[in-house]
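The values are calculated or read from the model by the stated rules, or taken from the named source; none is laboratory data. Fair warning: this is a prediction, and the values are worked out from it, not measured in the lab. FYI the Cβ positions are ideal-geometry reconstructions off the backbone, even for glycines, and counts take in every protein chain you see. Note: accessible area is taken over every heavy atom of the protein model, side chains too, but ligands, DNA and RNA are not part of it. Shrake-Rupley method; radii C 1.70, N 1.55, O 1.52, S 1.80 Å.
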Amino acid sequence: MQYTAGVRRTASALVVAAAAAALMTGCTPSGDAGAAAEPSQTAQSPVPGTAAGGSDAGGTGRAKPAVSVSPTGSGGKAKPCTIDDVKVTEARQAAVRPPGTGTGAAIVAVANVSKSACTLQGFPTVAGAGNGSPDKNVPLTTTHSGSAATVSLAPGTRAWTKLTFVNVQGEADGYCVSGATPASYPTLVVGVPGAGAHQTALDDGVLALCDNKATVTAYSATKPS
């Protein structure tokens, strides 16, 4: 019995020694060769907004493009100007005007004060504002001169029209050739087709004219004289 136990202890010692030698030489038991040298794998998180595997929510595999919105009208074309888009920025006596002592003619500028392009086309309406009060406006009878074309206004640009009146003659209060009494208005009310009426004052005095008539040119990108 003592002999047998000694053999078993010797055999166990040999097994332990063999296992230690295998670990020191880098060997593994049969069927597991190379397992210890296998690299580890790292899982990558999908891009935000896409499903796993790089596809978007629709499974197309492509990122969805950004949607751009045109500030202009349908098809990218400039929209017609509205009352909020334009403002009368200048009204002054014209350099070229009928002879007389009244206003004779005035140049009026309308500017695009919005942040996007717009268009206007047509002739202005004109009224004299009695005492600057809109409810006392006196519409002038207008005659159109020339033809109207579409004017495209980028933000900050202007369109122009010229108003030519029946001029007052003589000194002091003056007189009208027609025999009518001259009229004077502290401000003008100028209409822009599709964009409302805008009240403005001449930069060099009141409007003085005869017969409540005016010949007007269409709005144009070219400044008249």
(request) Collect the residues in the range 97-121 that are closer than 23 Å to TYR175 by Cβ and open to solvent by 20 Å² or more (accessible area, probe 1.4 Å), keeping them in residue-number order. (result) ARG97, PRO98, PRO99, GLY100, THR101
(message) Residues to consider are VAL166, VAL126, VAL138; find the one that is touching a Ser or Thr at 6+ places or on another chain (Cβ under 7 Å), of a type in the set (A, V, I, L, M, F, W, C) and at negative phi.
(response) VAL126
(message) Filter the range 176-210 down to the residues that are without any contact (Cβ under 8 Å) to a residue 60 or more places away in the chain, assigned to a strand (DSSP E or B) and of a type outside the set (Phe, Trp, Tyr) and list them by number.
(response) ALA183, SER184, THR187
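Can you pull out the residues in the range 100-121 that are part of a loop (DSSP other than H, G, I, E, B) and under 15 Å from THR215 (Cβ atoms)? Break it down stepwise before answering.
Initially, the range 100-121 is screened for residues part of a loop (DSSP other than H, G, I, E, B), giving 100-104, 113-117, 121.
Selection gives GLY100, GLY102, THR103, GLY104.
If we keep just the residues of the range 66-87 that are aliphatic (A, V, I, L, M) and either at pLDDT 95 or above or not in a loop (DSSP other than H, G, I, E, B) (or both), which is least open to solvent (accessible area, probe 1.4 Å)?
Just the residues of the range 66-87 that are aliphatic (A, V, I, L, M), to begin with: 66-67, 69, 78, 83, 86.
Subsequent filtering for residues that are either at pLDDT 95 or above or not in a loop (DSSP other than H, G, I, E, B) (or both) retains 83, 86.
Numbers: ILE83: 91, VAL86: 6 Å².
This residue is VAL86.
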(request) Would you please name the residue that is least open to solvent (accessible area, probe 1.4 Å), looking only at residues in the range 159-175 that are assigned to a strand (DSSP E or B) and farther than 14 Å from HIS144 by Cα? (result) ALA159
(request) Test GLY179 against the stated conditions and say whether it is open to solvent by less than 20 Å² (accessible area, probe 1.4 Å) and out of contact with any His (no Cβ under 7 Å at 6 or more places or on another chain). (result) no
(request) For residues that are modelled with pLDDT under 95 and within 32 Å of the chain's Cα centre (by Cα), scanning just the range 199-220, find the one that is nearest to ASP84 (Cα to Cα). (result) GLN199
(message) For the range 122-158, which positions are closer than 20 Å to ALA109 by Cα, open to solvent by 60 Å² or more (accessible area, probe 1.4 Å) and part of a strand (DSSP E or B)?
(response) PRO139, THR143, HIS144, SER152, ARG158
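Does VAL190 fit the bill of being under 22 Å from THR89 (Cβ atoms) and out of contact with any helix residue (DSSP H, G or I) (no Cβ under 8 Å at 6 or more places or on another chain)? Talk me through it step by step, then tell me what you get.
Working: under 22 Å from THR89 (Cβ atoms): yes; out of contact with any helix residue (DSSP H, G or I) (no Cβ under 8 Å at 6 or more places or on another chain): yes.
So VAL190 passes the test.
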(request) With the condition kept exactly as written, say whether any residue in the range 118-136 is of a type in the set (S, T, N, Q) and under 22 Å from PRO99 (Cα atoms). (result) no
